[in-house]
Amino acid sequence: MARIGPPPGRRRSRAGPGVRPGPPDGPLSAPVTSSTPVPGWWMWRPGADRAPTARVVRGRVRRARARALLVPAALSAVALAVLGPSPWWSVGLACAPVLVVGLAAALPVRVDDRRLAWAAPATDVVHVLQFTDPEQRRRATRMCGHFDTVRDLDARWVARVEHQLWRALVALRDSQAARESLRRVANRPGLAGELAEETRELGGLDRRVDRFADALRVLSEELDPDLSDSALRRVASLDPL
């Protein structure tokens, strides 16, 4: 797993109560969540298979390379064909730029996690640009920042917290359409009951997510390893939905 943000929070340390950890040693491998200055943070669904998305992204990069070189290669081929001393030389020289385009398109493509996350389907990743509601974006970003500070604790419980965090983020993301419709629809008598029911459902979701977020914040601020263990188990036991 890697960092989540922004901004990256302080990482937890097992050095003892009252001891604040130093800077991380470096980026971790196999990121599930990650952050960059722009455009922000993202989180992969725990257990998501990134290989299909990686193949799609690599194909796009290779096609973009080929398109960028196609026109210069065509012009070069024509020029070399004209300069060839014989028809066979002209054909051979004209093929050289085409081979260059093919080799450039076949070069290995390094795909970073940010590019993968932005190309992945919404069922596999949740990221900041999916939050058009500023309030829900702030809530999601705060939870991600708190989670980033506790990922060095007990891996078994952290994995459960990560799963609950994923569910909370997806619920907030998917609730935006309902929130927007409630803001736009006038409180007409015929819709009063339906609107009240939808408002109650969103209110219940907000209370459960806020309870989970508050417990996660308390855990992120706890520096005593003994107390943080019990706080971690408490967060893992909370159901944000």
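The values are calculated or read from the model by the stated rules, or taken from the named source; none is laboratory data. Computed from a prediction, not measured in an experiment: that's the story for all the values here. Glycine also receives a Cβ, built like all others from the backbone with ideal geometry; neighbour counts cover every protein chain displayed. Quick note on the areas: whole protein, heavy atoms, side chains included, nothing else; ligands and nucleic acids left out. Shrake-Rupley method; radii C 1.70, N 1.55, O 1.52, S 1.80 Å.
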How many residues are open to solvent by 50 Å² or more (accessible area, probe 1.4 Å), modelled with pLDDT of 90 or more and of a type in the set (Lys, Arg) if we restrict to the stretch 157-212? 5
Would you point out which residue out of Asp124, Asp148 is crowded, with 22+ Cβ neighbours inside 10 Å and either at positive phi or in contact with a strand residue (DSSP E or B) (Cβ under 8 Å, 6 or more places away or on another chain) (or both)? Asp148
Under the condition of being closer than 17 Å to Cys144 by Cβ and assigned to a loop (DSSP other than H, G, I, E, B), which residue from the stretch 213-241 is most open to solvent (accessible area, probe 1.4 Å)? Leu238
Of the numbered conditions (1) in a helix (DSSP H, G or I); (2) open to solvent by less than 30 Å² (accessible area, probe 1.4 Å); (3) in contact (Cβ under 8 Å) with a residue 60 or more places away in the chain, Arg114 satisfies every one except a single condition; which is it? (2)
